[in-house]
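Right, one structure below, let's go through it.
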Amino acid sequence: MTKSNPEPQSATHLDLLVRPAADGDLESLNDIYNQYVKETHFSFDIEPWTMDARREWFSRHALTGRYRLLVAEADGAVVGYTCSGQYRTKPGYLTSVETSVYLASNAVGRGAGTRLYEELFKSLEAEDVHRAYAGIALPNPASVALHEHFGFKRVAHFTEQGRKFDRYWDVAWFEKALGARPEN
């Protein structure tokens with residue numbers, strides 16, 4: 001699922017360094033994500049992630065290939081991350097990825113999500129990736145706007161797909177074309 005906080009855009013953009021994630025970023029990544037788990041419906045995880053779970057997740061990303069993990073740093077601190085990961089496990093889905101963006105609360109509405117996605121999609125240009133997908137728990141107008149800005153189109157709307165905080169939430173799925181079509 002892709003997450004973003006629906007706060008209004010701030011006039012103050014962050015001076016960001018976007019780079020591949022490293023082992024030393026794991027605690028910050030986990031803290032950012034677990035804030036969404038505890039406080040929002042944007043993640044359907046109910047319990048915060050452990051560091052062991054975060055390390056296993058981290059191991060599925062690389063500096064090259066389809067599955068990337070990038071972080072945004074401001075003043076030496078990680079303030080967000082984006083990733084592309086496996087969409088489904090069957091081999092026919094290998095050229096599809098699911099993308100996500102997560103931001104620390106002090107980075108929301110300050111251009112970090114846009115910068116992260118710019119770099120993620122640039123890094124995927126040379127890879128054999130045909131489609132990117134993003135599931136967005138609704139309502140989440142900031143995340144919808146970010147994805148539409150990058151050319152994602154809404155392709156599905158599932159009603160009451162997930163339950164959290166004692167209620168059901170709808171999820172919209174978005175799709176973006178990437179790369180060239182293979183010759184038949």
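Values in this text are rule-based calculations from the coordinates and carry no lab data. All figures in this text were calculated on a predicted structure; none of them were measured in a lab. No Cβ is skipped: glycine too gets one built from the backbone with ideal geometry, and neighbour counts run over all protein chains shown.
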Handout entry: Label-point separation, residue 163 to residue 51 (7 Å along Cα→Cβ), nm
Key = 3.4
Handout entry: Gained length - residue 156 relative to residue 94, 0.36 nm times residue gap less alpha-carbon distance
Key = 20.3 nm
